[in-house]
1. Which of the residues spanning region 50-65 are without any contact (Cβ under 8 Å) to a residue 40 or more places away in the chain and in contact with a helix residue (DSSP H, G or I) (Cβ under 6 Å, 6 or more places away or on another chain)?
2. Can you name the residue in region 333-345 that is hydrophobic (A, V, I, L, M, F, W, C) and under 18 Å from the mean Cα position of the chain (by Cα) and is also nearest to GLY150 (Cα to Cα) among such residues?
3. State whether the residues of region 245-253 include one that is closer than 30 Å to THR147 by Cα, of a type outside the set (Asp, Glu) and crowded, with 19+ Cβ neighbours inside 10 Å.
4. Does region 178-191 contain at least one residue that is modelled with pLDDT of 95 or more, closer than 25 Å to PRO86 by Cβ and of a type in the set (A, V, I, L, M)?
5. Take the residues in region 207-222 that are in contact with a strand residue (DSSP E or B) (Cβ under 6 Å, 6 or more places away or on another chain) and not in a loop (DSSP other than H, G, I, E, B), then tell me which one is surrounded by the fewest Cβ atoms within 10 Å (Cβ to Cβ).
6. Sort out which residues of region 188-205 are over 14 Å from SER315 (Cβ atoms), assigned to a helix (DSSP H, G or I) and among the aliphatic types (A, V, I, L, M), and write them in order of number.
Amino acid sequence: MITAPTDLEFRLLEIPAALDAPDAADFVEMTRVRNLIRAEISGHDDHSLTAAEILPTFAPDPMELRFLWLALLGSDVVGFIGLDVPQEPGSRVAYWTVELLRSVWSRGIGSAAMELVERVAREHERTVLQTWVEHPAAAGDRLVPPTGFGSIPVDHAARFLLRHGHHLEQVMRHSVLELIPAPPRVPELLEQATTAAAGYRVVQWELPTPPEFVDGYGWMKSRMITDAPAAGMEYDEEVWDAARVARHDATFVDAGRLVLVTAAQHLDSGELVAFNELVIGSDRTRVTAQHDTLVLADHRGHRLGMLVKTAALVSWREIAPASPRVRTDNAEENRPMLDINETIGFVPDSYEGAWKKVLAP
């Protein structure tokens, strides 16, 4: 095993109260290095965020402990380590990331970081470690998850994960839809979905969530854990009350990020039964991210997924007309959502592995 450099330091990052605070420099530098690493992996800067956009995600949250360490060689920040510890009752999972600049790969830094991750996870009585890693296209051997859907190359990241006892559980597909010019089929598909979804109507709002939709939105967000394909990954049952919805909304609003929620409302009951989220930063000329999309199980079969996705895209033309594209991701086995995306015009762009390790007693 390679011995880590003697001048390697993992420094716990204290989250500043604001970016103009005296102790904010490390957080700003972490953001810069994060963006460099993401661009090295993906070959584009669509995943870049500003420090102002990231900082609110580290606001205190009673439902999650978040740890962040800088990886330093001497005085140079060369990466970072993150560990999120959910506080759901009975939880045994923790989510981690180790991200390093390519120039310091294969020097034992990642292995030392994994020791840190596992030690802190154990200190918080967590026995299941889970992470998601982008695997760019590469020649050579490939790894197929137990689901049988999709594959990833056995690349540097995959070899590292396998060597440290992780197992590939699921493959996620990243897809992209070009918005300029406007996707030609969206109005037609919206019209067809509206006809098929008789008995439902579209409602939309920008975060923060209006009071009349808090309960319904919170319930749908909680179902993302139970209703979306999870393969062998483990997730805690979540309770989303009004306070949790407010904390969620604040991570976007406080960052200056705009979130459009498009939902389908069942007319007879008044319940919200499907939703889609489109997100963009304060720079409305940047890429759009499509976050959660879900149709509650009891209301599937009415083309509600197509309804909320296309209604969102039509409205988005007014909200962010200069945004060049939308990025989204789905499990490779989630054929219903992939069918919708492909019909709209999304095309595969890259793939991500969902990895899991169960720690030995």
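1. So in region 50-65, the residues without any contact (Cβ under 8 Å) to a residue 40 or more places away in the chain come out as 51, 60, 62, 64.
The one that is without any contact (Cβ under 8 Å) to a residue 40 or more places away in the chain and in contact with a helix residue (DSSP H, G or I) (Cβ under 6 Å, 6 or more places away or on another chain): ALA51.
2. Our first condition is that a residue be hydrophobic (A, V, I, L, M, F, W, C); within region 333-345, this holds for 337-338, 340, 344.
From what's left, under 18 Å from the mean Cα position of the chain (by Cα): 337-338.
Details: MET337: 15, LEU338: 13 Å.
Taking the candidates together, the pick is LEU338.
3. So the first thing to find is which residues in region 245-253 are closer than 30 Å to THR147 by Cα, and the list is none.
No - not one qualifying residue is present in region 245-253.
4. Among the residues of region 178-191, not one is modelled with pLDDT of 95 or more, closer than 25 Å to PRO86 by Cβ and of a type in the set (A, V, I, L, M), which makes the answer no.
5. Applying the first criterion (in contact with a strand residue (DSSP E or B) (Cβ under 6 Å, 6 or more places away or on another chain)) to region 207-222 yields 207, 216, 220.
Subset that is not in a loop (DSSP other than H, G, I, E, B): 216, 220.
Details: GLY216: 19, MET220: 23.
It comes out as GLY216.
6. LEU189, ALA193, ALA196
So that you can scan it fast, the table gives a plain yes or no per residue for (1) closer than 30 Å to VAL154 by Cβ; (2) in the same structural domain as MET224 (by TED's automatic domain parsing); (3) surrounded by 14 or more Cβ atoms within 10 Å (Cβ to Cβ); (4) touching a helix residue (DSSP H, G or I) at 6+ places or on another chain (Cβ under 6 Å):
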{"site": "SER323", "(1), (2), (3), (4)": "no, yes, yes, no"}
{"site": "GLU332", "(1), (2), (3), (4)": "yes, yes, yes, no"}
{"site": "ALA354", "(1), (2), (3), (4)": "yes, no, yes, no"}
{"site": "LYS357", "(1), (2), (3), (4)": "yes, no, yes, no"}
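Matching residues to (1) more than 15 Å from the chain's Cα centre (by Cα); (2) over 18 Å from ALA4 (Cβ atoms); (3) of a type in the set (A, V, I, L, M, F, W, C):
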residue	(1), (2), (3)
GLY43	yes, yes, no
LEU68	yes, yes, yes
SER75	yes, no, no
GLY82	no, yes, no
VAL85	yes, yes, yes
GLU99	yes, no, no
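The values are calculated or read from the model by the stated rules, or taken from the named source; none is laboratory data. A quick note: this is a predicted structure, and the numbers were derived from the prediction, not measured. Neighbour counts are summed over all protein chains in view; Cβ atoms, including those assigned to glycine, are modelled from backbone coordinates with ideal geometry.
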